[in-house]
Each structure stands twice: as structure tokens, then as C-alpha cells.
């Protein structure tokens with residue numbers, strides 16, 4: 001299989017909203033962005049925790065990814081919760097090819113996954129900067145109007 005879609009991880013959001021009240025704090029800059037190759041097939045319904053399987057490797061990239069940059073929430077557009085990040089920049093990874101990335105909460109005991117982002121195609125850095133530039137619509141949005 002291949003990485004074909006982006007999505008929010010159901011079990012994490014269920015546990016945030018049910019009686020377990022999982023304490024996910026997306027404002028933390030200690031949350032992580034990890035990059036994955038196209039062998040990865042995220043299962044947004046059943047996956048719970050960060051794992052190294054199919055994570056990219058290469059000089060300049062560390063397993064687990066890196067801390068997120070400038071996490072922020074806003075109402076944009078009206079009736080929509082938008083979560084955004086500053087651009088993620090790896091300064092000099094060597095021969096790193098990624099198809100997508102996963103945001104996970106390192107502060108939690110289970111390293112809960114929050115969102116998986118499909119880049120749409122493979123991107124490769126060869127002895128240069130690797131940047132994830134998030135769209136103007138943010139990393140994800142949730143429509144709050146029924």
C-alpha cells in the first residue's frame with residue numbers, strides 16, 4: 001500500500017472527548033513532527049502511537065522528528081477551528097525522501113498521534129534544506145457548525 005490521504009487520528013480525538021479526557025495540549029512546542037516514506041499506510045481509525053516503522057532516515061534527520069514550530073489555534077473561517085504551525089525546517093538532511101508527516105504528542109505516555117499529512121508525492125532532500133510549508137488553511141481544520 002501507499003500513503004493516500006491525510007487525516008486526524010480517531011482514537012486520540014475520541015479519548016480527548018470521552019470520559020478518559022486524554023490531556024493532549026497542541027499548544028506545546030515539545031510535540032513532534034516525524035516524516036515517513038511512501039511505504040507507510042496510516043490507519044486513522046486504529047493507530048494510536050508514534051512508531052518508527054517506515055519513518056525516513058538519513059544524516060541530519062533524527063528518529064521521532066523535531067519539535068513543532070509556533071503552534072496556534074484560530075477561528076478561520078467563521079465556525080471553523082483551524083490549527084496551524086510555523087514551517088518545519090530540517091537544516092541539512094542528506095538523501096531524505098518523505099511522502100508524509102505525522103504530528104504526535106511526545107509529552108504523553110503513549111506518544112499519541114494527532115494528524116497525518118500526505119504530501120501528495122515524494123519529496124527528496126539531497127544535502128539541502130527540507131521544509132514543510134503548511135497551507136494557508138493550516139495543518140487541519142474542524143468545522144464546528146452542524
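The values are calculated or read from the model by the stated rules, or taken from the named source; none is laboratory data. Everything numeric in this text was worked out from a predicted model, so none of it was measured. Note that we place each Cβ from the backbone using ideal geometry, even for glycine, and neighbour counts take in every protein chain shown.
A compact table of results
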read-out: Within the range 1-19, considering residues that are closer than 12 Å to residue 108 by Cβ and modelled with pLDDT under 90, the one surrounded by the most Cβ atoms within 10 Å (Cβ to Cβ); value: 15
read-out: Filtered residues of the range 109-146 (kept if over 24 Å from residue 75 (Cβ atoms) and without any contact (Cβ under 8 Å) to a residue 12 or more places away in the chain); value: 109, 120
read-out: Residues within the range 106-144 that are touching a strand residue (DSSP E or B) at 6+ places or on another chain (Cβ under 8 Å) and loosely packed, with under 14 Cβ neighbours inside 10 Å, tallied; value: 9
read-out: Residue check, residue 89 farther than 18 Å from residue 115 by Cβ, under 15 Å from the mean Cα position of the chain (by Cα) and either at pLDDT 95 or above or exposed (fewer than 14 other Cβ atoms within 10 Å of the Cβ) (or both); value: yes
read-out: Neighbours by Cβ (under 9 Å, 6+ apart or cross-chain): first from the range 16-34, free of Cβ contacts under 8 Å to residues at least 24 places away in the same chain; second surrounded by 10 or more Cβ atoms within 10 Å (Cβ to Cβ) and assigned to a loop (DSSP other than H, G, I, E, B); value: 16/22; 16/23; 16/24
read-out: Filter pass, residue 103 being closer than 21 Å to residue 50 by Cα, at pLDDT 95 or above, in contact with a helix residue (DSSP H, G or I) (Cβ under 8 Å, 6 or more places away or on another chain) and buried (at least 20 other Cβ atoms within 10 Å of the Cβ); value: no
read-out: Failed item in (1) in contact with a strand residue (DSSP E or B) (Cβ under 6 Å, 6 or more places away or on another chain); (2) modelled with pLDDT of 95 or more; (3) surrounded by 15 or more Cβ atoms within 10 Å (Cβ to Cβ), with residue 58 passing the rest; value: (2)
read-out: Residue within the range 76-89 that is in a strand (DSSP E or B), within 19 Å of residue 128 (Cβ to Cβ) and in contact with a strand residue (DSSP E or B) (Cβ under 8 Å, 6 or more places away or on another chain) present; value: yes
